Each structure stands twice: as structure tokens, then as C-alpha cells.
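Below: the structure, in C-alpha cells.
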Amino acid sequence: MKTQHASARLSHRFSAIFWDLVAVLLVLGMVVFLAQTSRDLMQPLAGPGETVISLEPSGLPEYVLRTSLRMLAAMVLSLIFTFTYATWAAKSRRAGQVLIPLLDILQSVPILGFISVTVVFFMSFAPGRMLGAELVAIFAIFTSQAWNMAFSFYQSLRTVPTELVEASRSFRLSPWMRFWKLEVPFAMPALVWNMMMSMSAGWFFVVASEAISVGNTVVTLPGIGSYIALAIDQRDLGAVGRAIAVMLIVILIYDQLLFRPLVAWVDRFRFEQEADRNPPRSWVLMALRRSRWVAMAVVPLVRMWRWTYRAGNDGASRELARTARNTMGSGVISWLDWLWYGAIAVICAVSMWKITVFVLQGVTPDEVGTTVFLGCVTMVRVFVLIAVASVIWVPVGVWIGLHPAAARIIQPVTQFMAAFPANLLFPLAVSGIVVLRLDPDIWLSPLMILGTQWYILFNVIAGASTIPGELRDIGINLGVRGWLWWRRIALPAVFPFYMTGAVTASGGSWNASIVAELANWGDTTLKANGLGAYIAEATAAGDFHRIVLGIAVMSAFVVLINRLFWRPLYILAERKFRLG
Amino acid sequence: MLDIRGVRKSFRKPDGSELLVLDGIDFTLGEGEIIGLLGRSGSGKSTLLRSIAGLTPPSAGSVIYHGNEVTAPPPGIAMVFQGFALFPWLTVLENVQLGLEALGLSTGELHRRAIEAIDLIGLDGFESAYPRELSGGMRQRVGFARALVVHPNILLMDEPFSALDVLTAETLRTDFLDLWSEGQLPIKGVILVTHNIEEAVLMCDRILIFGSNPGRILNEIKVELPHPRARLDPAFRDLVERIYVEMTTRSASVPAGRRTEYFPGTGIGTILPHVSSNSLSGLLEAVAAAPYNGEADLPVIASSLHMEIDELFPVAETLQMLRFAEVAGGDIRLTTEGRQFADFDTDRRKHLFARHLLTYVALAAHIRRVLDERPVHQAPWSRFADELEDYMPPAAAVQTLRTIIALGRYAEIFSYDDEKQVFSLDNP
């Protein structure tokens, strides 16, 4: 009995040491990785004509590291943006009235648009150095990540349960403490989910953000994106293949080392309090949790954090006095409101006028009409593609969702496919189109939805797997079969989930159109007529009047389609078909 | 210790007019006293508790605690919530420590006091558990520990046992009372909001009975029974019966001249409670059957049907509004039509119900008349919702319309299409 006990303790000690080692390796590896890649930032920029990239496979690990660091840096920036911008919008009514619609617009501006407009500005920051170019790339990735994260955080802040807010006020938590103890934890699950989506978006634009060419400004940063750009330029299918393979590995590593632990960790912040589920697990998180060294290292950090709570403590009463005043003097607010609205109106009018003047300096009014027409072409393309993808993936998704064994295997695969930057596959498709002499107007189109169709599939799978067993049983019991079964049971049940997927896929496809409608293979250029190709061409030529025009028209299209088409459908789906 | 002086609370409606929810509240909490605020939902007692806690300022009047006016949550007043309000991402220990951390205590002191409170409230062994792993009773114990750990003078309880099952609630009540009477709790006074009459009699030294629209104190009842109190003790039963009588007579005699009478259904501005035709016929059948034979004591029928007053009163009063029953003096007595209804089959029940609904419920008659007058016999939801919002807050208007739709559908006097949000005379 006694020896058994002792041996159990011994094995426990061994396992603790094992987890210590794993955790230390993970942490040290991270530090070395950060140090190495950030060392090169201050190096001078390669002159024009110099090649910084080689297609040798031996260079790939370094490129991957540098690209990953850029992605991480952009993610940190996005988080800072999220915590400040969204908090401001949620806490101040007036700020929210402006910031939230602004976010909506920013979300619909094509990501390439940000690059072309800001490249000169950032390059002037640190002329002739890598830093400036790095800033351009990081900012570009940031623009593909930040908006939806901020949106999700804002929405969470607005839906914090009242009783918890009351409890934290009644126990006199300072606003600072309330932010970290209540608001951030409550927002965490949705935020992590959006971080994963943002990361996919970032990978997608990695090529565009590392190999930037706007008019005469050509920037090539060492990284996997530039590697692929060069491979395309040199028609090297082997190099493209290698890049794809490396990318697969990188995404797997990211999943294992970053997102899986995050998802497992964030599970405790879910507000619904049921116990009988399988919580997500991660071996990395397990290692960090079980290691005593990590635990020891964390203690002083916790102390420091607690100290900040005490430091910000006296803010609580002041904040409360303010809310009390606000509710009293509601008569004063109205003229301030008018002043505020007036200021907004003036700013809007001035910027509208500025934009119009700027655009019309470079293009004729006729061309505005042309871009709107091109916008319609791209719109038709997006809708047809969504329809085709739906016809294919909805039945497949329903079938998978109803077979839990299949869903367990396929669901992670589809999420992985969604994370994989589909534009890495473009060169394969484009070389095929060139060789087979296909019509680019038709055959380039599918590339737009290559990466985004998975959102439809995995949302439908998720929807189908939530169809209650009782509902399926009654279908069998009443002999509901065939088309009737689809119409009455399957389609209504997955409809709200399908809508979520379709909205995401549609937005992503618009963004992808800039990359997909104009494709290069060596010196052959393929073009599908559309707004995306228009913007891409203007960017290559450095024609800012046309870039601004194209971006404005595309943003308008996306906003209008969202407001007039997707949102009403989405509300209908929520109202009518949401189960339970 | 705590003075509530002339507290009044109103909310601004979208059209700018004021909606009064609390009026003329005056009372004092003395040392060593448990006061119960007893009333039905909508009587503003939870709002009053939040004003006392400093969470929402009163529109007029003041809350004085130890000589100072309460404008923000004061130290020394802690609160226990109906839905527990635990942070799901914190362990039991961390939840309990939360209030202390805001006080800025040292880590050692923090831990010591939290463990002390956890031991006191019977949570030892659960320190590292997350709320989702606990039963409802254990969760509310955490709620109590979290409130007590800051050593408050006054404990505010907002229906703390109403989310628990009967057995668990009883255990928590007696545990709390034991600690209280043994003097083990740091608190010197308690205010308990409840809609459970027996709970109020069991726990309180004084019960303030609240009326609705606007919320006000109707009566004050002193409970002088010695602790521990036994529910079956005749003196206890008498007191419960007395409060029932108090609450039923008062609710029937609403001061005249108010636009938003709860009862009886004279104007379309009457707020209809959330009741279904099933619960109406259920209560009719129960009272009509033996052993009541058409007349029942409300406390008796409440306990035999396992209904709390918050569930029983709305049903009973709707029956009274429909002239199927009379409620007075703590009793419910069926009218002739009420007895007939209980005997009838479905079709004849619907006819009788339709006749009474159209005759005695002004809103039903109003909707029917509008539909009859319009050439297409249709009217949108907003047509009536806007009208009702002149008399009541938007949420009450929605509830009233939902109830009238359910009753109207049962009586087949009109139909409603929820997708188009349209009332009509179609008979599908």
C-alpha cells in the first residue's frame, strides 16, 4: 500500500518534470524565434534590381519565419486596435454613432486598396530602410484582420449580462478592473473565433502585402509571399508546389501552437453554464498549465496585475457619479446632440466633395458609369458563385452533419481549408487556363470563391448536426422522405447557419476579386472583366484617381448588398428558423 | 441605520412623458432587523432595492445610509442576486475574492478572509470549482459568501431563492436564519425582496406589502413569531392567510382616476398579465372540482397546485376580469358562467369564452371593432402597439398584445399572422 503510494508520487513528479521541459522548450523557442526575425528590421532596403529572394528550397524556412512574425505583429496591432476602438465605441454613445458605421465601411473596403493608398506614407517613415517596408506589409495585414475583431468585441461589450454588470458595480470594481474581470473575459470566446478568421484573411493577402508594387514603388520583403510572387514571375511550378507544402505545415503549426491552446483556454470564458460537454483540449495548454516553472513565473505577473487594480480603484466612484448625472440632466443633451450631428454632417459633406473633386481630376464622369457597370459584372459573378457553391455544399454539409462520425473527421478539415490561403493555388489554375486556352472571363471566376466556399460548408455541417434527434425521429415516423424531407426539415433547420456562411463567403469573394480577376503567369496576363480587375490594374499603374474611384464603388456595392440583401435575409432566418 | 425617504422613480418614455414605477416610499431599517418587500412582479420592489444599493438613482427622495445620501454603491451594503451573478470564468475562491480585490487588500489578507467566508457558508472543498460545476444551491451559496466577505452592515437580497428548487431553497433559508440568529454573520440588517408569502413570513421581522402601478407600500405587517418558525404552526398559517386577504382586496380596489388600472378590465389601457387559455381553464376546473366545489382558499389552492402568488394571482385576476370568478378576502369563488365553463365541451367553452372576452375585455372588443370596420378586415400589429404605448411602457404593451392574441386565437374572434405582423378576420 505504502510503496504504491510512493511510486504514484514518484511518477507524478516525473510527469511534472516532463511538462516543465515541454513548457520551457516552447517558451524558449518562441523567444529565439522573435529575436532572430526582428534583428533584420533596421537593415537597408535592397536597391531596385537587386534580388532579395531566391527560389532555392533552403531559403524557405527563413521566409516562413519572417512572414509568421509579420502576421503576429499585425495580430498584436489588431488586438490593441480592438481593445481601444471597440471599447470607445461601446462606452460613448456619440462615438459609437460614428465609429460603428465607419467600421462597417472599413470592413467593406478591399484590402488591396489600403496598401496602394498608404504605401508612400509608410515608406516615408523610415526612408531607405527595411522598417518602412515592413510597416507597409504589417499595416496591410492589419487591415485584413482588425475590423471583424473590433466588431465582435463591440458586440460582446454591448451584451454583457446586466446582473454581472450590477454585481461588479455593487462590489465597487473600478472601470479598469471591470474591463479585465468582466468585459474582456465575456468577449473572449467570440474574439478568439474572429482572430482565427482574421488570421486566414491575413494569410490570403500575404502575397499582396509582401510583394507590393504600386506604380513606381516596388517593395519586395523577404517572406513566403514574395517567394510565391517570384515563382509566378518565373513560371516555376516546382517552387509554387514547395511554397504550398510549406504553407500547409505552417498553418498546422499555428493551429497546434497558437489557436488550439487559445480555443481550449478560452472555453472557460463561455457564459453558458452547462457541464456535460466535451471541452476542447490542447496538449500545449496542458503543458503550460501542468508545469510548475510556468506557474512560478506567472506569480509575479499576477501580483503586478492586481496592483494595477488597486491603483485604478478610486475611479469607480467618479464614474458612478457621472452616470448619475447623465440620467438626470437629459434635457441638456439634446442641443449638444444637434451640434454633434451638425459637425458630422459638415465633415461628411467636405470629404464627399474632396473625393469627388480628386476622382474627377483624373477620370471622366463616363468612367464612373463604367466602374459601376464593372461592379455589376463582379456582383453577378459573386452571386452565381455563391449559388453554385450552395448547390454543391448544402446537401454535402447536411449529409455530413447528420453523420457524427463523418463530421468529426471532416469538420476540422474544412476549417483547415478555410484557413489555407487559396490564392497559393491560383498559379496552378492560371497555368492551366493558359495552356488550355480557356476563356478567362469564366474560368478565372471560380478562384474568387476557392477559399471562401468552406465557410458555407462548415456552417451547414454545424447546422445539420444541431437538428434535434426528436425532429429527425418525427420525420421518419411520419414517413417524410425525399424532396419533402429537404423542404420541411433539413433546409429550414440549417438555414440560419447557411446564412452566416453565405454572408462570410460573399464578403470574402468581393475582397478576393481583386486578386482573382487579374492573374499573371510569367509575362502572360489573364483578365476577367470586373471591378476587381479594374482596381488591380489601376494599382499596378499607380493611378490613384482610378484606385480611389474603384475602391469607393466597390465599398458602396458591398455595403448596399449587405444592407439590402443579406441583412434582411439574415433577420428572417433568425426570426423564423432558429430552433429553440 | 438606513432611511428611505419619499423615494420616487420614473422612467422617461420614448415620447418624452414620464412613467411612474415607484411613488412615496418611506421606511427605516433598524439594527438587527430583516425587512421583506413583498409584492408581485411589476410592483417596483427590485427597482427600489437597486436604488438602495446605489445602482440606480431615485428620481426624487433619498436613501440615507449612516447619515449620508447614497449616490453610488456605498461600502457596507452588499447584494445577493436572483440569478446568482457569478463570473463563470472565476473559481469559487476567485468569485468570493472579487469584492475584496476592489478594496485593495494584500494577497494574504485576501485569501484569509475569503476562506473564512467560504467556511462560514458551507462551501469548504469547493474552492477550486467553477460555477458551471456547481448545483444551483451551491452557486447561490457562493453568491452569499461573496456578499458576506466584504463584511457589510446591510445585506440586500433580490429574490435570492426563487431560482432554486423547493428543497434547496428551504435548506438555504434555514441555514441563513441559523447563522443570523446565532449572530455569526457580520451584517446588522437585511432587506429581502420576494414574491413568496411564506418565505416572507418565515424570514422577516417586518413585511412591507407592495402594490403595482405605480409601486407603493400598501401595508406594513409585523411578524412577531419566535424563531425558528414552523410553517404548520396555526399562528404562522393565520399570518399567511391575512397577507393573502390583504393582497387580494387591495389589488381589487385600485385608486380611481388612474389611466393604467391593472384591474378590472375597463379600458384598453389595462395591462394584461402573461396568461394562457390553458392555465385559465386549468384553474377553473381545479376550483370547480371537489373538494373545493366552486370556492377555494387561495393559499390552500396555491400550495395544492404548487403555484406561487406570482403565477396564481395573474390567472385568478384574469378570471375575475372575464367574470368567471370573484377574488376577494383571500378566496376565489366561481360565478355561474365559471361553473358552466368548467362543465362544457371544447366548442361551447370557446363560445362562452368569446362572449366574455368581447364583453369584458376592452382591448379584445377594440381590436375586433377595428377589424370589422376596415374594408380588408386587416390591421398591423403597430396599429395597436402604438395605441397601447400611450398607456403603458413598450414591454408591457408587447406582453398585453401577446396575451390578447393568445386569448383571441383561442376564442376565435380574430387571427394573427406573426410573419406579416398583421391581425385579420381570416379563419384559416
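The values are calculated or read from the model by the stated rules, or taken from the named source; none is laboratory data. Keep in mind the model is a prediction, meaning the values are calculated, not measured. Cβ placement follows ideal geometry from the backbone for every residue including glycine, while neighbour counts extend to all protein chains displayed.
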(request) Would you point out the residue of the range A:513-532, among those that are without any contact (Cβ under 8 Å) to a residue 40 or more places away in the chain and not polar (S, T, N, Q), that is farthest from A:L447 (Cα to Cα)? (result) A:D523
(request) With a cut-off of at least 3 residues that are within 30 Å of A:V240 (Cα to Cα), in contact with a strand residue (DSSP E or B) (Cβ under 7 Å, 6 or more places away or on another chain) and not aromatic (F, W, Y), name the helices (runs of 4 or more DSSP H) lying wholly within the range A:436-548. (result) A:531-541
(request) Can you work out which of the residues in the range B:175-186 that are surrounded by 15 or more Cβ atoms within 10 Å (Cβ to Cβ) and modelled with pLDDT of 90 or more is farthest from the chain's Cα centre (by Cα)? (result) B:L179
(request) Take the range B:63-74 and flag every residue that is at the interface with chain A (Cβ under 7 Å from one of its Cβ atoms) and not polar (S, T, N, Q). (result) B:A72, B:P73
(message) Can you pull out every residue in the range A:189-216 that is under 25 Å from A:R268 (Cβ atoms) and aromatic (F, W, Y)?
(response) A:W193
(request) Residue by residue through the range A:176-208, note down the ones that are of a type in the set (G, A, S) and modelled with pLDDT of 80 or more. (result) A:A187, A:A190, A:S198, A:S200, A:A201, A:G202
(request) Take the range B:120-142 and flag every residue that is more than 9 Å from chain A (Cβ to nearest Cβ) and in a helix (DSSP H, G or I). (result) B:L120, B:G136, B:G137, B:M138, B:Q140, B:R141, B:V142
(request) Scan the range B:392-428 residue by residue and report those that are over 15 Å from B:A365 (Cα atoms), touching a Pro at 6+ places or on another chain (Cβ under 8 Å) and away from chain A (no Cβ under 14 Å). (result) B:P394, B:Q399, B:V422
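This table checks each residue for (1) at pLDDT 75 or above; (2) closer than 30 Å to A:G532 by Cα.
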residue: A:T323; (1), (2): no, no
residue: A:V332; (1), (2): no, no
residue: A:W338; (1), (2): yes, no
residue: A:D366; (1), (2): yes, yes
residue: A:T370; (1), (2): yes, yes
(request) Count, please, the residues in the range B:37-76 that happen to be in a helix (DSSP H, G or I) and either touching a Cys at 6+ places or on another chain (Cβ under 9 Å) or not assigned by the TED database to the domain that holds B:V193 (or both). (result) 0
(message) more than 14 Å from chain B (Cβ to nearest Cβ), in contact with a Leu (Cβ under 6 Å, 6 or more places away or on another chain) and buried (at least 16 other Cβ atoms within 10 Å of the Cβ): which single residue out of A:M123, A:M130 fits that description?
(response) A:M130
(message) Can you say whether A:L491 is more than 34 Å from the chain's Cα centre (by Cα), of a type in the set (A, V, I, L, M, F, W, C) and at pLDDT 85 or above, as far as the supplied structure shows?
(response) no
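Listed here are the residues, each with its yes/no results for (1) aliphatic (A, V, I, L, M); (2) closer than 20 Å to B:L172 by Cβ; (3) surrounded by 17 or more Cβ atoms within 10 Å (Cβ to Cβ); (4) modelled with pLDDT of 90 or more.
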site	(1), (2), (3), (4)
B:V92	yes, yes, yes, yes
B:L103	yes, no, yes, no
B:R112	no, no, no, yes
B:M138	yes, yes, yes, yes
B:A147	yes, yes, yes, yes
(request) Give the residue that is farthest from B:L185 (Cα to Cα), with candidates limited to residues of the range B:14-41 that are within 21 Å of the chain's Cα centre (by Cα) and either surrounded by fewer than 19 Cβ atoms within 10 Å (Cβ to Cβ) or of a type in the set (S, T, Y) (or both). (result) B:L19
(request) Could you grab me the full set of residues in the range B:6-23 that are away from every other protein chain (no Cβ under 13 Å) and modelled with pLDDT of 75 or more? (result) B:G6, B:V7, B:R8, B:L19, B:L20, B:V21, B:L22, B:D23
(request) Looking only at the range B:76-92, decide whether some residue is at the interface with chain A (Cβ under 7 Å from one of its Cβ atoms), over 25 Å from B:R139 (Cβ atoms) and not β-branched (V, I, T). (result) no
(message) Among the residues of the range B:93-114, what is the count of those that are farther than 27 Å from A:D267 by Cβ and away from every other protein chain (no Cβ under 11 Å)?
(response) 4
(request) Go through A:L262, A:L252, A:L248 for me and flag whichever is more than 14 Å from chain B (Cβ to nearest Cβ), under 21 Å from the mean Cα position of the chain (by Cα), under 23 Å from A:S156 (Cα atoms) and at pLDDT 85 or above. (result) A:L262
(request) Determine which single condition B:H356 fails, assuming it passes every other condition in (1) of a type outside the set (A, V, I, L, M, F, W, C); (2) crowded, with 18+ Cβ neighbours inside 10 Å; (3) in contact (Cβ under 8 Å) with a residue 40 or more places away in the chain. (result) (3)
(request) Looking at (1) within 18 Å of B:V190 (Cβ to Cβ); (2) within 11 Å of another protein chain (Cβ to nearest Cβ); (3) touching a helix residue (DSSP H, G or I) at 6+ places or on another chain (Cβ under 9 Å); (4) not in a strand (DSSP E or B), find the lone condition where B:A117 falls short. (result) (2)
(request) Would you be able to say whether some residue in the range B:77-97 is more than 24 Å from the chain's Cα centre (by Cα), at negative phi, part of a loop (DSSP other than H, G, I, E, B) and β-branched (V, I, T)? (result) yes
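Here's the yes/no breakdown for (1) among the small types (G, A, S); (2) touching a residue at least 40 places away in the same chain (Cβ under 8 Å); (3) touching a His at 6+ places or on another chain (Cβ under 9 Å); (4) under 30 Å from A:T378 (Cβ atoms):
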position: A:V430; (1), (2), (3), (4): no, yes, no, yes
position: A:D441; (1), (2), (3), (4): no, yes, no, yes
position: A:L447; (1), (2), (3), (4): no, yes, no, yes
position: A:Y455; (1), (2), (3), (4): no, yes, no, yes
position: A:R472; (1), (2), (3), (4): no, yes, no, no
position: A:R481; (1), (2), (3), (4): no, no, no, no
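For (1) in contact with a Ser or Thr (Cβ under 7 Å, 6 or more places away or on another chain); (2) under 19 Å from B:A302 (Cβ atoms); (3) of a type in the set (A, V, I, L, M, F, W, C), each residue gets a yes or a no:
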position	(1), (2), (3)
B:L179	no, no, yes
B:E182	no, no, no
B:K188	no, no, no
B:I197	no, yes, yes
B:K222	no, no, no
(request) Of the numbered conditions (1) assigned to a loop (DSSP other than H, G, I, E, B); (2) modelled with pLDDT of 90 or more, B:P226 fails exactly one; give the number of that condition. (result) (2)
(request) Could you check A:T162 against (1) among the polar types (S, T, N, Q); (2) surrounded by fewer than 24 Cβ atoms within 10 Å (Cβ to Cβ); (3) within 30 Å of A:L428 (Cα to Cα) and say which number it fails? (result) (3)
(request) Within the range B:67-90, work out how many residues are farther than 27 Å from B:R173 by Cβ and either in contact with a Ser or Thr (Cβ under 8 Å, 6 or more places away or on another chain) or among the aliphatic types (A, V, I, L, M) (or both). (result) 3
(request) Quick one: count up the residues across the range A:213-258 that are among the acidic types (D, E) and closer than 20 Å to A:S431 by Cα. (result) 2
